[in-house]
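To keep things clear, I will list the structure first and then write my remarks on it.
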Amino acid sequence: LILTSSMASIAPQPEPEIKDESCWSDPVLQKSKGRWYGATKTTQEQLVQKWVEDQADKDFKYAAICPTVVLGPSLNTAAKSSGTQGKLQKWLTGDLPGTAWNDSMSFVHVEDCAKMHVAALELPSASGRYMCLVESLHWNEICAILKEIHPNMKGVHPYEGDDKAKPTQFNFDKRNTLGIQFTPTIEILTDAVAQIREMGELD
(Lines give C-alpha, C1' and ligand atoms only; values in the text may rest on other atoms or scores of the structure.)
Protein backbone atom coordinates (compact mmCIF):
# COMPACT_ATOMS: atom_id res chain seq x y z
CA LEU A 1 0.00 0.00 0.00
CA ILE A 2 1.62 3.25 -1.17
CA LEU A 3 -0.10 6.45 -0.01
CA THR A 4 0.47 9.83 -1.63
CA SER A 5 0.44 12.15 1.36
CA SER A 6 2.03 15.62 1.51
CA MET A 7 4.74 17.65 3.18
CA ALA A 8 1.75 19.53 4.60
CA SER A 9 1.52 16.65 7.07
CA ILE A 10 5.14 17.26 8.14
CA ALA A 11 4.77 20.90 9.17
CA PRO A 12 4.79 21.12 12.97
CA GLN A 13 4.53 24.51 14.68
CA PRO A 14 6.85 25.81 15.89
CA GLU A 15 9.12 24.44 13.19
CA PRO A 16 12.05 22.35 14.45
CA GLU A 17 15.61 23.22 13.47
CA ILE A 18 15.76 20.11 11.30
CA LYS A 19 12.72 18.28 9.92
CA ASP A 20 12.54 14.54 9.40
CA GLU A 21 9.82 11.92 8.97
CA SER A 22 9.09 11.84 12.71
CA CYS A 23 7.57 15.34 12.51
CA TRP A 24 3.78 15.67 12.33
CA SER A 25 1.51 18.63 11.68
CA ASP A 26 -1.31 19.39 14.11
CA PRO A 27 -4.55 19.07 12.10
CA VAL A 28 -6.53 20.97 14.74
CA LEU A 29 -4.16 23.93 14.44
CA GLN A 30 -4.28 23.68 10.64
CA LYS A 31 -8.09 23.83 10.70
CA SER A 32 -8.06 26.81 13.07
CA LYS A 33 -5.92 28.69 10.53
CA GLY A 34 -8.07 27.68 7.56
CA ARG A 35 -5.40 25.40 6.12
CA TRP A 36 -7.90 22.82 4.95
CA TYR A 37 -5.65 21.05 2.45
CA GLY A 38 -2.98 20.51 5.07
CA ALA A 39 -5.50 19.42 7.71
CA THR A 40 -7.02 16.94 5.26
CA LYS A 41 -3.66 15.46 4.28
CA THR A 42 -2.49 15.18 7.90
CA THR A 43 -5.72 13.54 9.07
CA GLN A 44 -5.77 11.21 6.07
CA GLU A 45 -2.25 9.98 6.68
CA GLN A 46 -2.84 9.51 10.40
CA LEU A 47 -6.00 7.49 9.72
CA VAL A 48 -4.26 5.28 7.15
CA GLN A 49 -1.28 4.70 9.43
CA LYS A 50 -3.56 3.73 12.33
CA TRP A 51 -5.52 1.37 10.06
CA VAL A 52 -2.27 -0.28 8.93
CA GLU A 53 -1.10 -0.67 12.53
CA ASP A 54 -4.42 -2.31 13.42
CA GLN A 55 -3.98 -5.00 10.76
CA ALA A 56 -2.29 -7.55 13.02
CA ASP A 57 -2.11 -10.24 10.35
CA LYS A 58 -1.35 -7.99 7.40
CA ASP A 59 0.54 -9.59 4.53
CA PHE A 60 1.41 -6.27 2.85
CA LYS A 61 3.77 -3.38 3.45
CA TYR A 62 2.89 0.28 3.74
CA ALA A 63 4.73 3.46 2.77
CA ALA A 64 3.64 7.10 2.59
CA ILE A 65 5.28 9.48 0.11
CA CYS A 66 5.02 13.10 1.25
CA PRO A 67 5.65 15.43 -1.71
CA THR A 68 6.10 19.17 -1.53
CA VAL A 69 5.06 21.38 -4.49
CA VAL A 70 5.20 19.06 -7.52
CA LEU A 71 6.19 20.68 -10.82
CA GLY A 72 7.11 19.47 -14.28
CA PRO A 73 5.74 18.41 -17.64
CA SER A 74 2.11 17.33 -17.69
CA LEU A 75 0.80 14.34 -19.63
CA ASN A 76 -2.23 16.40 -20.62
CA THR A 77 -0.83 19.13 -22.85
CA ALA A 78 -4.23 19.90 -24.38
CA ALA A 79 -5.56 21.56 -21.23
CA LYS A 80 -4.48 24.80 -19.59
CA SER A 81 -1.99 24.65 -16.75
CA SER A 82 -3.72 23.72 -13.51
CA GLY A 83 -2.86 22.67 -9.99
CA THR A 84 0.70 23.52 -9.01
CA GLN A 85 1.67 24.20 -12.64
CA GLY A 86 -1.23 26.64 -12.81
CA LYS A 87 0.00 28.36 -9.66
CA LEU A 88 3.45 28.71 -11.19
CA GLN A 89 1.90 30.19 -14.34
CA LYS A 90 0.14 32.80 -12.19
CA TRP A 91 3.36 33.68 -10.38
CA LEU A 92 5.08 34.21 -13.73
CA THR A 93 2.30 36.46 -15.01
CA GLY A 94 1.99 38.82 -12.07
CA ASP A 95 0.47 36.98 -9.12
CA LEU A 96 3.38 37.74 -6.80
CA PRO A 97 3.74 40.56 -4.27
CA GLY A 98 5.97 43.56 -4.94
CA THR A 99 8.33 42.29 -2.25
CA ALA A 100 9.19 38.62 -1.85
CA TRP A 101 7.46 36.70 0.91
CA ASN A 102 9.61 36.30 4.00
CA ASP A 103 9.35 32.54 3.95
CA SER A 104 10.81 29.54 2.19
CA MET A 105 9.40 27.04 -0.29
CA SER A 106 10.44 23.68 -1.71
CA PHE A 107 9.76 21.82 -4.94
CA VAL A 108 10.10 18.35 -6.44
CA HIS A 109 10.11 17.27 -10.08
CA VAL A 110 7.04 15.22 -11.01
CA GLU A 111 9.26 12.45 -12.43
CA ASP A 112 11.25 12.21 -9.19
CA CYS A 113 8.01 12.06 -7.21
CA ALA A 114 6.85 9.19 -9.42
CA LYS A 115 10.19 7.40 -8.99
CA MET A 116 9.83 7.61 -5.22
CA HIS A 117 6.45 5.89 -5.40
CA VAL A 118 7.88 3.11 -7.58
CA ALA A 119 10.91 2.65 -5.32
CA ALA A 120 8.70 2.47 -2.23
CA LEU A 121 6.65 -0.23 -3.97
CA GLU A 122 9.54 -2.29 -5.28
CA LEU A 123 12.20 -2.09 -2.57
CA PRO A 124 11.62 -4.79 0.08
CA SER A 125 13.12 -2.55 2.76
CA ALA A 126 10.86 0.44 2.04
CA SER A 127 8.42 1.20 4.85
CA GLY A 128 6.85 4.17 6.62
CA ARG A 129 7.01 7.84 5.71
CA TYR A 130 9.29 9.52 3.18
CA MET A 131 9.78 13.23 2.60
CA CYS A 132 9.67 14.02 -1.12
CA LEU A 133 11.53 17.24 -1.96
CA VAL A 134 14.93 18.59 -2.96
CA GLU A 135 15.63 21.57 -0.71
CA SER A 136 14.04 24.67 0.72
CA LEU A 137 14.85 28.14 -0.65
CA HIS A 138 13.91 31.61 0.56
CA TRP A 139 11.47 33.39 -1.74
CA ASN A 140 14.20 35.93 -2.52
CA GLU A 141 16.13 33.19 -4.29
CA ILE A 142 13.06 31.60 -5.87
CA CYS A 143 11.94 34.91 -7.40
CA ALA A 144 15.45 35.56 -8.71
CA ILE A 145 15.55 32.12 -10.35
CA LEU A 146 12.12 32.60 -11.94
CA LYS A 147 13.11 36.04 -13.25
CA GLU A 148 16.24 34.51 -14.80
CA ILE A 149 14.21 31.75 -16.48
CA HIS A 150 11.41 34.08 -17.59
CA PRO A 151 12.78 37.63 -17.96
CA ASN A 152 9.29 39.03 -18.72
CA MET A 153 8.15 38.21 -15.20
CA LYS A 154 7.28 41.23 -13.09
CA GLY A 155 10.20 42.22 -10.90
CA VAL A 156 9.92 41.29 -7.22
CA HIS A 157 11.98 43.21 -4.68
CA PRO A 158 13.91 40.97 -2.29
CA TYR A 159 12.86 40.91 1.34
CA GLU A 160 15.50 42.83 3.28
CA GLY A 161 14.18 42.82 6.84
CA ASP A 162 16.40 41.92 9.77
CA ASP A 163 14.08 38.99 10.50
CA LYS A 164 14.71 37.23 7.17
CA ALA A 165 13.44 33.68 7.48
CA LYS A 166 15.92 30.82 7.37
CA PRO A 167 15.01 28.17 4.78
CA THR A 168 13.71 24.98 6.34
CA GLN A 169 16.41 22.39 7.00
CA PHE A 170 15.87 18.66 6.52
CA ASN A 171 17.42 15.33 7.46
CA PHE A 172 17.26 13.34 4.22
CA ASP A 173 18.79 10.12 5.54
CA LYS A 174 15.59 8.12 5.14
CA ARG A 175 14.61 9.72 1.82
CA ASN A 176 18.00 8.80 0.43
CA THR A 177 17.51 5.08 1.18
CA LEU A 178 15.17 4.92 -1.84
CA GLY A 179 18.12 5.71 -4.10
CA ILE A 180 16.55 8.52 -6.13
CA GLN A 181 18.78 11.12 -7.75
CA PHE A 182 16.78 14.33 -7.39
CA THR A 183 16.55 17.02 -10.04
CA PRO A 184 18.00 20.35 -8.80
CA THR A 185 15.51 23.13 -8.10
CA ILE A 186 16.64 25.33 -11.00
CA GLU A 187 16.06 22.44 -13.43
CA ILE A 188 12.65 21.72 -11.91
CA LEU A 189 11.57 25.32 -12.46
CA THR A 190 13.16 25.47 -15.92
CA ASP A 191 11.29 22.35 -17.10
CA ALA A 192 8.01 23.59 -15.65
CA VAL A 193 8.32 27.05 -17.20
CA ALA A 194 9.27 25.52 -20.56
CA GLN A 195 6.04 23.56 -20.75
CA ILE A 196 3.92 26.53 -19.71
CA ARG A 197 5.62 28.52 -22.47
CA GLU A 198 5.06 25.71 -25.02
CA MET A 199 1.36 25.74 -24.12
CA GLY A 200 1.17 29.42 -25.09
CA GLU A 201 0.51 30.66 -21.57
CA LEU A 202 3.48 33.01 -21.29
CA ASP A 203 4.44 36.15 -23.23
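A few remarks follow.
- Zone of Glu201's modelled label, taken as backbone nitrogen in region 1-20 under 14 Å from a point 7 Å along Cα→Cβ: none
- Seen from a random direction on average, the alpha-carbon convex hull of region 1-86 projects onto 7.8 square nanometres.
- Under 5 Å from the amide H of Cys132 lie the amide H atoms of Cys66, Thr68, each residue being 5 or more positions distant or on a separate chain, with H modelled from the backbone and absent for Pro and chain starts.
- For region 107-203, the Cβ-based charge dipole about the Cα centre amounts to some 300 debye (Lys, Arg positive; Asp, Glu negative; other atoms uncharged).
- Among Leu178, Leu92, Leu47, residue whose mean-square fluctuation peaks in a GNM of the chain (springs only between Cα atoms under 10 Å): Leu47
- Each Lys and Arg Cβ is given +1 and each Asp and Glu Cβ -1; about its Cα centre, the chain then shows a dipole of about 460 debye.
- Loop-located trypsin sites (Lys or Arg not before Pro) in region 1-105 (DSSP state other than H, G, I, E, B) with a sparse environment of at most 13 neighbouring Cβ atoms within 10 Å: Lys33, Lys58, Lys80.
- Solvent-accessible area per residue for the chain (1.4 angstrom probe, square angstrom): 54 Å²
- Relative contact order of the chain, pairs being alpha-carbon contacts under 8 Å that are 6 or more residues apart, as %: 27 percent
- Dipole magnitude (debye, nearest 20) for region 152-194, charges at Cβ of Lys, Arg, Asp, Glu: 120 debye
- Considering the chain, its Cα convex hull presents a mean projected area of 12.6 nm².
- Of all lysines in the structure, the ones whose alpha carbon falls short of 18 Å from that of Lys33, not counting any fewer than 8 places away in one chain, are Lys41.
- Secondary-structure-derived ellipticity at 222 nm for the chain, considering helices only, amounts to -11500 deg cm²/dmol, per-run term -39500 (n - 2.57) for DSSP H runs with n ≥ 4.
- Principal-axis tilt of helix 139-149 within the chain, Cα atoms, nearest 10 degrees: 60 degrees
- Checking every one of the GluC sites (Glu not before Pro) in region 1-99 against DSSP loop status and a limit of 12 other Cβ atoms within 10 Å picks out Glu17.
- In the assembled protein chains, Val110 presents an accessible area of approximately 50 Å² (probe radius 1.4 Å).
- Helix 110-122 vs. the chain, principal-axis angle (Cα, 0 to 90°, nearest 10): 10 degrees
- Amide N proximity, region 69-107 versus Lys154 label position 7 Å along Cα-to-Cβ, cut-off under 18 Å: 86-102
- Split the accessible area of the chain by element, probe 1.4 Å, and carbon with sulfur accounts for 52%.
- Net length gained if the chain between Lys58 and Trp101 were fully extended (0.36 nm per residue, minus Cα distance): 10.9 nm
The values are calculated or read from the model by the stated rules, or taken from the named source; none is laboratory data. Owing to the predicted nature of the structure, the values given are computational and were not obtained by experimental measurement. A quick note on method: Cβ atoms are made from the backbone with ideal geometry, for glycine too, and the neighbour counts reach across all protein chains shown. Each accessible area value is taken on the protein alone, full model and side chains, heavy atoms only, with ligands, DNA and RNA left out. Shrake-Rupley method; radii C 1.70, N 1.55, O 1.52, S 1.80 Å.
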